Protein chains: 2
Amino acid sequence: MTTANATAARVRLTILLKDGVLDAQGQAVERALRTMDYDAAHVRVGRVIDLDLPAANWQEAAREMCTRFLANPLIEEFEITRLDEEAR
Amino acid sequence: MTTANATAARVRLTILLKDGVLDAQGQAVERALRTMDYDAAHVRVGRVIDLDLPAANWQEAAREMCTRFLANPLIEEFEITRLDEEAR
């Protein structure tokens with residue numbers, strides 16, 4: 001993934017339910033996979049948000065928007081990774 | 001993330017719409033972030049599925065279940081990563 005602006009960071013936010021929280025979607029996927037004879041276990045379903053942020057403060061901005069808006073800190077946890085640095 | 005069984009691989013499947021495909025959810029998140037004064041661009045929203053698979057053939061099983069069941073190959077692309085090896 002490339003960004004048009006050299007001062008932009010390509011960032012991935014991964015949001016998953018915390019371990020203790022019932023993941024109904026994960027259970028449904030696990031049941032479906034087992035029906036299809038896949039030996040899958042501990043399935044958790046979450047969401048991923050890829051976006052460009054100003055490189056100057058991408059970590060701070062990403063953490064803030066996850067906490068305030070994109071994730072529910074009561075029941076969800078999030079990971080922040082930079083995609084364009086990993087690729088180097 | 002640890003797995004109970006030493007022969008299990010902890011695998012992450014990341015499923016995103018292909019680049020050319022309209023991502024309405026991504027557009028909605030981008031608009032909302034801009035309303036909140038975040039300088040976010042090229043926002044794409046997808047889903048992530050973490051699961052345990054038998055370590056012997058985790059890559060093959062993951063690719064197969066993505067193609068057949070979890071992703072729509074017409075409009076989506078997927079990434080397969082092993083979480084417990086990355087952590088080493």
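The values are calculated or read from the model by the stated rules, or taken from the named source; none is laboratory data. Because the structure is a prediction, the values reported are computed rather than measured. Cβ placement follows ideal geometry from the backbone for every residue including glycine, while neighbour counts extend to all protein chains displayed. Each accessible area value is taken on the protein alone, full model and side chains, heavy atoms only, with ligands, DNA and RNA left out. Shrake-Rupley method; radii C 1.70, N 1.55, O 1.52, S 1.80 Å.
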| note | Taking the convex hull of the alpha-carbon atoms of chain A and averaging its shadow over every direction gives an area in square nanometres of 7.3
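Over the protein assembly as shown, consider all pairs of different Cα atoms and compute the Kirkwood hydrodynamic radius from their mean reciprocal separation; express it in Å, one decimal. Before the final figure, lay out each step's value.
Details: mean 1/r = 0.0584 Å⁻¹.
Taking the inverse mean of 1/r over all distinct Cα pairs, the protein assembly as shown comes out at 17.1 Å.
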| said: How high is the relative contact order of chain A? Use alpha-carbon pairs under 8 Å, at least six apart in sequence, and give a whole percent. | reply: 48
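Hey, what's the protein assembly as shown come to in accessible area per residue, 1.4 Å probe, Å²? Walk me through the numbers on the way to the answer.
On the way: 9870 Å² over 176 residues.
Result: 56 Å² per residue.
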| query | Can you list the residues, at least 5 places off or on another chain, whose amide H is less than 5 Å from the amide H of A:ASP39, using H built in the peptide plane? | reply | none
| Solvent-accessible area, 1.4 Å probe, carbon plus sulfur percent, for segment A:8-86 | 50
| Whole-Å distance, taken between Cα centres, linking segment B:13-59 and segment A:1-80 | 8
| query | Once phi is turned into ³J(HN,Hα) by the Karplus curve 6.51 cos²θ - 1.76 cosθ + 1.60 with θ = phi - 60°, what whole-Hz value does each residue of segment A:8-14 show in order, with x for glycine and proline? | reply | 9, 9, 8, 10, 10, 9, 10
| field | Net charge contributed by nearby residues that have their C-beta within less than 12 Å of B:TRP58 (K/R +1, D/E -1) | value | -2
